[in-house]
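Colleague: What follows is a structure written as structure tokens; I'll ask about it next.
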């Protein structure tokens, strides 16, 4: 079976060793290198490549999500999975807008990482369950119909209209109509901006 090269970017030695141990047991995921700061990571990427980067946006020199932005602009084919302590929806939504391929909280069970990374490599977006719960909780503060809330939650998780349609038993055209009405209501042009607009209106704060 096809194997993939993974880069780890984290300055916490204990976490790095834990992740390495988990990935070492999976034959399809090969750790190509690990970096504790943004400078060394970017220097490596300028000369070499990997299939996926597991990125902590708090490594020295990262400047939070600006590092993700740089990587995605320079190396668009490289998958980037955010691995962080930040539970704030503002971080999550901005990361998604910048092209993050999944968003994993360090409080999640690390044993699930291989599955999450393999899904990200196939183009499947993973969002931590804790963030899903926060998303639903915060959006409930807005005057949004239950069905709209449900659809928004699925969109934030990276689900496509076809998958949402199967999940809630509505046609894709119905899903599109719900989203169209919400975009019009909040005067935005795409779904990421819709989620960001709502997060700003309900004053989402980092936990």
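Colleague: Any idea which of 46, 111 is touching a helix residue (DSSP H, G or I) at 6+ places or on another chain (Cβ under 7 Å) and in a helix (DSSP H, G or I)?
Modeller: 111
Colleague: Filter segment 171-190 down to residues that are at pLDDT below 90 and within 24 Å of residue 123 (Cα to Cα), then give me how many there are.
Modeller: Going through segment 171-190 one residue at a time, the tally reaches 2.
Colleague: If you don't mind, there's one more thing I want to ask. Identify, please: which residue in segment 61-99 is out of contact with any helix residue (DSSP H, G or I) (no Cβ under 7 Å at 6 or more places or on another chain) and part of a loop (DSSP other than H, G, I, E, B) and is, among those, modelled with the lowest pLDDT?
Modeller: Selected residue: 88.
Colleague: Checking the structure you have, find out if any residue of segment 33-42 is touching a residue at least 12 places away in the same chain (Cβ under 8 Å), part of a loop (DSSP other than H, G, I, E, B) and more than 24 Å from residue 153 (Cα to Cα).
Modeller: The answer is yes; a qualifying residue exists.
Colleague: Still on this structure, I have one more. Confirm whether residue 34 is in the same structural domain as residue 97 (by TED's automatic domain parsing) and more than 26 Å from residue 129 (Cα to Cα).
Modeller: yes
Colleague: If you go through segment 56-64 one residue at a time, do you hit one that is farther than 26 Å from residue 90 by Cα, surrounded by 14 or more Cβ atoms within 10 Å (Cβ to Cβ) and either in contact with a strand residue (DSSP E or B) (Cβ under 6 Å, 6 or more places away or on another chain) or touching a residue at least 40 places away in the same chain (Cβ under 8 Å) (or both)? Break it down into steps so the answer makes sense when it comes.
Modeller: The initial filter retains those residues of segment 56-64 that are farther than 26 Å from residue 90 by Cα, namely none.
No, every residue in segment 56-64 fails to be farther than 26 Å from residue 90 by Cα, surrounded by 14 or more Cβ atoms within 10 Å (Cβ to Cβ) and either in contact with a strand residue (DSSP E or B) (Cβ under 6 Å, 6 or more places away or on another chain) or touching a residue at least 40 places away in the same chain (Cβ under 8 Å) (or both).
Colleague: Separate question: Is it the case that residue 103 is assigned to a helix (DSSP H, G or I) and either crowded, with 20+ Cβ neighbours inside 10 Å or touching a residue at least 60 places away in the same chain (Cβ under 8 Å) (or both)?
Modeller: Here the answer is no, as residue 103 does not meet what is asked.
The values are calculated or read from the model by the stated rules, or taken from the named source; none is laboratory data. Just so it is clear, the model here is predicted, and its values are computed rather than measured. In this analysis, Cβ positions are derived from the backbone assuming ideal geometry, glycine residues included, and neighbour counts consider all displayed protein chains.
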